[in-house]
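Take a look at the structure below.
The values are calculated or read from the model by the stated rules, or taken from the named source; none is laboratory data. Everything numeric here is computed off the predicted structure, so don't read it as measured data. Cβ: placed from backbone, ideal geometry, glycine included. Neighbour counts: every protein chain shown. For accessibility, only protein heavy atoms count, side chains too; no ligands or nucleic acids. Shrake-Rupley method; radii C 1.70, N 1.55, O 1.52, S 1.80 Å.
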Amino acid sequence: MPQNNLNRFFISIVLPSILAIGLFILAIFVVILPSSERNIMEGKKEMISELTNSVCSLMEEYQQEALDKLISPDSARALAVERIGRIRYGDEQKDYFWIIDKQPMMIMHPYRPELMGTDLNSYQDPDGKLLFVESVRTVEESGEGFIYYMWQWKDDSTRIVPKLSYVREFQSWNWIVGTGIYLEDVTLEIRSLKNRLLRVVLIITLVISILLAFMIRQSLGIERKKKAAEDALLLSREKYKSLVEAATEGTLMMVEGKFVFSNFRFSDLSGYIPSEVESLRFEELFSLKWENLAADFKDPKKSISRETLLNCKENRKKEVVISASMITYAEQTGYIIVIKEVSSHMQFEKNSELLSGELQTLLLMMHQPLKAIARDIRRVHADASVREAVRIMTRKRCDILFVNHGEKIVGVINQHDLTERVLATRLDPDKKVIEIMTSPVITLPENALLYEGLLTMKKRGLSHIALMGPNKKISGVVGFREIGGIQENLAGFLIKEITVAEGVEQLKRIYRRLPVLIKALTESGGQTGIITRIICSVGDAIHRRLIDLAMEELGPAPCKFAFVAMGSQGRGEQTLATDQDNAIITVNMQESYRQEAQTYFQVLANKVNNEMDAVGYRYCQGEIMAKNPKWNRDLKGWKKYFTDWIGNSNPQDILDAAIFFDFRCIYGEKILVDQLRTHVNKASEGKAVFFYHMARSINQMKIPAKPDERPMDMKKILLPVTSYIRLYAIRENLSVTGSTERAALLLEKGIFDPALYEELIQAFDFITHLRIKSQAASIARNEAPGNITDSRLLDRIETITLKKHLHDIAGLQTRLSGEFSSAV
């Protein structure tokens with residue numbers, strides 16, 4: 001719509017409508033509402049004055065009977081007091097009358113019998129007002145009137161509220177009769193009136209707004225049609241020039257083989273200014289012949305795209321995609337050409353295609369547990385000689401022997417030990433093997449993945465890794481040569497590059513390759529646990545490398561410390577949308593070097609957190625990072641934090657502190673983390689209130705009842721599952737932090753039954769899968785990954801499965817309500 005038409009429309013229609021609505025609202029709240037409030041109050045005053053007059057009329061009847069000598073004056077007063085004392089009115093039939101004389105002395109009060117017959121000259125309300133003295137003064141001045149004071153709420157002596165009473169003198173008996181209204185009742189009535197008026201205002205405003213929106217829409221539609229009709233008549237040079245210049249991508253217009261327009265975005269891309277572009281031929285700009293491109297226009301209504309090279313100024317070349325569309329210009333055939341540089345998005349797609357095929361085969365093996373390729377161990381007794389060990393290795397054709405002392409494995413000897421410790425030193429071959437063995441034996445669980453075994457052997461420089469079975473006994477051994485027969489996985493390559501990177505820029509380039517790997521893993525059917533473990537391994541490696549580089553610059557740490565990860569990284573469950581949750585734990589420092597050490601670790605934390613952000617791990621919005629001095633403390637300080645969280649807990653504090661309970665050492669002295677975990681276990685033992693509040697915080701988490709058409713936050717949906725497992729893990733003093741590992745141990749201990757365990761693991765895996773799948777899709781669209789999944793994009797099976805898991809999660813919350821129903 002042209003600007004002058006828009007201004008005219010606004011002044012003539014929109015502005016008067018807004019002013020009318022504003023004046024209407026102003027009249028309601030400035031005139032009508034205050035008047036109504038006054039009327040309500042006056043009505044209340046009139047009511048209690050009429051009621052008091054009625055009571056006075058009643059007393060006059062008894063007085064008349066006394067004058068007629070039907071009853072004595074004392075009996076008349078007594079009967080009047082008794083009858084008035086029983087009178088109740090109001091919605092709850094709890095409002096009443098009271099009587100005093102002019103001394104003043106209490107004659108009758110139905111709810112304060114202890115005041116009967118007492119002198120009220122010194123009686124005050126909570127604000128210090130001599131309310132009964134004030135009543136006497138009022139009736140002496142005018143015979144009747146109103147007084148304000150504080151009094152108990154009807155028959156509830158524990159509740160003191162403002163009250164307005166009407167008092168009237170009954171001269172015949174020298175009495176004063178009073179009754180009152182509670183101002184809270186008036187306030188509630190006024191508030192109810194306000195609410196009704198507000199609803200009326202909102203409805204009227206809404207109706208006017210809808211009508212106004214309809215009028216605006218109709219007017220805009222008319223203007224658009226008018227402008228469209230005008231545009232259809234303006235096939236001119238200026239029209240196409242504006243289109244080209246306004247384009248957000250590099251754009252050219254070509255007529256009769258010559259460029260007539262180009263925009264500044266193309267100038268930024270190519271280095272040529274518009275006047276220079278007009279002097280160039282198509283073939284001088286692109287590594288593509290125009291005739292070949294033009295010949296592909298089979299349908300003039302459809303555009304065509306080609307990948308080519310853009311010949312930029314100063315002999316530079318860029319990979320681009322050009323999209324050409326045919327137009328009619330001044331009765332001639334022209335072309336609009338849009339040039340888009342091959343972005344990181346397209347490069348991502350190319351890398352994904354290359355990786356996907358490779359991973360299809362690779363994942364089949366790297367998903368397997370180490371026990372799948374393990375071989376049985378060969379033993380030699382600790383008292384055997386080196387000579388005998390060599391004979392056994394030759395006879396058994398093995399390259400490693402496990403040294404046993406009774407049933408216990410105490411060490412290993414391999415070819416390297418024989419070469420370095422026997423042949424190289426010319427050791428007597430009759431020496432016992434216990435003198436040359438390597439101890440202790442490095443082990444991994446037999447269900448650890450090939451990929452983990454490979455990393456462990458590389459990190460520790462091992463030729464073999466022993467496998468620990470479920471009975472805590474060594475069940476087999478895997479050598480580097482066994483895994484060497486399988487192509488080394490790409491995550492291992494990334495981590496290897498990380499360990500030798502020399503700065504943030506190198507780490508940033510390596511980290512950008514992680515989403516490519518994860519997308520390929522997702523498309524190749526990779527298991528959720530493996531994917532999150534790889535993401536976490538890369539994150540741990542980057543943390544460790546940045547800490548090493550920082551310490552190379554700052555010098556060695558002044559005391560022992562541990563750099564810990566928390567939250568999803570602490571649990572080993574990171575996804576592609578992650579921020580930093582970390583902290584530093586130092587040994588308890590002596591005063592002599594405390595200030596120096598604190599300064600060192602603050603500088604170290606600032607450097608690591610800032611460089612992690614530069615690599616791609618964004619800052620934590622809640623500032624739960626080591627650079628925050630609050631989370632950069634000695635062991636004593638951390639113990640106090642957890643003691644306070646556990647001992648002085650409420651649901652909100654527990655919710656805020658939850659991620660701290662998932663701490664895991666990723667660098668430094670693991671013993672500090674172990675000591676803190678031991679403290680947490682001891683501090684939480686038997687703390688029913690703590691676990692009650694933890695359960696309440698989980699039950700307060702809101703999740704949808706079923707998939708709907710709104711975007712769904714998968715992180716929030718998963719939170720009750722990880723929190724549920726965490727609660728029982730802390731209660732059972734488990735030291736592991738991963739949700740699946742915790743659940744498995746809780747199953748083993750009998751805390752979870754098999755059905756509950758399967759329910760938890762399936763929900764965890766499926767929701768995490770949807771989360772990572774959605775993040776990978778976002779990256780493929782060149783968008784930042786997040787935790788939101790559009791439920792409309794789920795297929796029917798995914799929707800049904802998600803609905804089941806949402807129902808199961810709600811069941812977990814119900815289960816918690818039953819098990820942790822009280823803090824006792």
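The table that follows gives values for the structure above.
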read-out: Of the criteria (1) assigned to a helix (DSSP H, G or I); (2) more than 17 Å from residue 729 (Cα to Cα); (3) among the hydrophobic types (A, V, I, L, M, F, W, C), which one residue 654 fails; value: (2)
read-out: Any hit, the range 677-684, residues being open to solvent by less than 30 Å² (accessible area, probe 1.4 Å) and farther than 30 Å from residue 598 by Cβ; value: no
read-out: All positions within the range 255-269 that are among the aliphatic types (A, V, I, L, M) and under 46 Å from the mean Cα position of the chain (by Cα); value: 269
read-out: Filter result for the condition that a residue is touching a helix residue (DSSP H, G or I) at 6+ places or on another chain (Cβ under 8 Å), surrounded by 15 or more Cβ atoms within 10 Å (Cβ to Cβ) and at pLDDT 70 or above, over 269, 252; value: 252
read-out: Single residue of 130, 115, 120 found to be more than 24 Å from residue 188 (Cβ to Cβ) and at pLDDT below 90; value: 115
read-out: Residue count for the range 174-189, restricted to those that are touching a residue at least 40 places away in the same chain (Cβ under 8 Å), open to solvent by less than 10 Å² (accessible area, probe 1.4 Å) and farther than 16 Å from residue 134 by Cβ; value: 1
read-out: Cβ-Cβ under 7 Å pairs, at least 6 apart or on other chains, the range 279-301 side farther than 17 Å from residue 253 by Cβ, far side at pLDDT 80 or above and in a loop (DSSP other than H, G, I, E, B); value: 283/289
read-out: Residue among 176, 181, 210 that is assigned to a helix (DSSP H, G or I) and either modelled with pLDDT of 80 or more or β-branched (Val, Ile, Thr) (or both); value: 210
read-out: Within the range 404-436, tally of residues that are aliphatic (A, V, I, L, M), exposed (fewer than 14 other Cβ atoms within 10 Å of the Cβ) and in contact with a His (Cβ under 8 Å, 6 or more places away or on another chain); value: 0
read-out: Flag for residue 168 being at pLDDT 90 or above, assigned to a strand (DSSP E or B) and open to solvent by 50 Å² or more (accessible area, probe 1.4 Å); value: yes
read-out: Criterion: part of a loop (DSSP other than H, G, I, E, B), over 30 Å from residue 511 (Cα atoms) and open to solvent by 30 Å² or more (accessible area, probe 1.4 Å) - qualifying residue of 817, 821; value: 821
read-out: Selection within the range 588-611 - in contact with a strand residue (DSSP E or B) (Cβ under 9 Å, 6 or more places away or on another chain), aliphatic (A, V, I, L, M) and modelled with pLDDT of 95 or more; value: 604, 605, 608
read-out: Residue that is modelled with the highest pLDDT [pool: residues in the range 394-410 that are touching a strand residue (DSSP E or B) at 6+ places or on another chain (Cβ under 8 Å) and over 16 Å from residue 376 (Cα atoms)]; value: 410
read-out: Residue match in the range 127-137 (condition: in contact (Cβ under 8 Å) with a residue 12 or more places away in the chain, on the phi > 0 side of the Ramachandran plot and open to solvent by less than 80 Å² (accessible area, probe 1.4 Å)); value: no
read-out: When residues of the range 134-189 are limited to those that are more than 60 Å from the chain's Cα centre (by Cα) and of a type in the set (Lys, Arg), the one nearest to residue 102 (Cα to Cα); value: 137
read-out: Residues that are crowded, with 18+ Cβ neighbours inside 10 Å, modelled with pLDDT under 85 and within 30 Å of residue 387 (Cα to Cα), drawn from the range 437-481; value: 457
read-out: Any hit, the range 764-776, residues being over 21 Å from the mean Cα position of the chain (by Cα) and part of a helix (DSSP H, G or I); value: no
read-out: Every residue from the range 531-540 that is open to solvent by 10 Å² or more (accessible area, probe 1.4 Å) and either in contact with a strand residue (DSSP E or B) (Cβ under 9 Å, 6 or more places away or on another chain) or basic (Lys, Arg) (or both); value: 533, 540
read-out: Where a residue in the range 722-737 is free of Cβ contacts under 8 Å to residues at least 60 places away in the same chain and part of a helix (DSSP H, G or I) and its partner, wherever it lies, is basic (Lys, Arg) and surrounded by 22 or more Cβ atoms within 10 Å (Cβ to Cβ), with Cβ under 8 Å and at least six apart; value: 725/742; 728/742; 729/742
read-out: Among (1) crowded, with 18+ Cβ neighbours inside 10 Å; (2) closer than 28 Å to residue 537 by Cβ - the single one residue 732 does not satisfy; value: (1)
read-out: Those residues of the range 577-617 which are small (Gly, Ala, Ser) and in contact with a helix residue (DSSP H, G or I) (Cβ under 6 Å, 6 or more places away or on another chain), in sequence order; value: 577, 583, 614, 616
read-out: Considering residues of the range 45-102 that are of a type in the set (A, V, I, L, M) and assigned to a loop (DSSP other than H, G, I, E, B) only, the residue farthest from residue 182 (Cα to Cα); value: 70
read-out: Every residue from the range 380-403 that is under 19 Å from residue 467 (Cα atoms) and open to solvent by less than 20 Å² (accessible area, probe 1.4 Å); value: 380, 398, 400, 401, 402, 403
read-out: Residue in the range 150-163 that is touching a Gly at 6+ places or on another chain (Cβ under 9 Å) and open to solvent by 70 Å² or more (accessible area, probe 1.4 Å) present; value: no
read-out: Criterion: touching a helix residue (DSSP H, G or I) at 6+ places or on another chain (Cβ under 9 Å) and more than 17 Å from residue 190 (Cα to Cα) - qualifying residue of 40, 84; value: 84
read-out: Neighbours by Cβ (under 6 Å, 6+ apart or cross-chain): first from the range 570-591, over 25 Å from residue 788 (Cβ atoms); second open to solvent by 40 Å² or more (accessible area, probe 1.4 Å); value: 587/560; 588/636
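Let's see how each residue does on (1) aliphatic (A, V, I, L, M); (2) surrounded by fewer than 14 Cβ atoms within 10 Å (Cβ to Cβ); (3) out of contact with any Ser or Thr (no Cβ under 6 Å at 6 or more places or on another chain):
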{"residue": "56", "(1), (2), (3)": "no, no, yes"}
{"residue": "77", "(1), (2), (3)": "no, no, yes"}
{"residue": "91", "(1), (2), (3)": "no, yes, yes"}
{"residue": "115", "(1), (2), (3)": "yes, no, yes"}
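Rundown of residues vs (1) hydrophobic (A, V, I, L, M, F, W, C); (2) open to solvent by 30 Å² or more (accessible area, probe 1.4 Å); (3) out of contact with any Pro (no Cβ under 6 Å at 6 or more places or on another chain), yes/no style:
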site	(1), (2), (3)
630	no, yes, yes
633	no, yes, yes
638	yes, no, yes
643	no, yes, yes
655	yes, yes, yes
658	yes, no, yes
662	no, no, yes
666	yes, no, yes
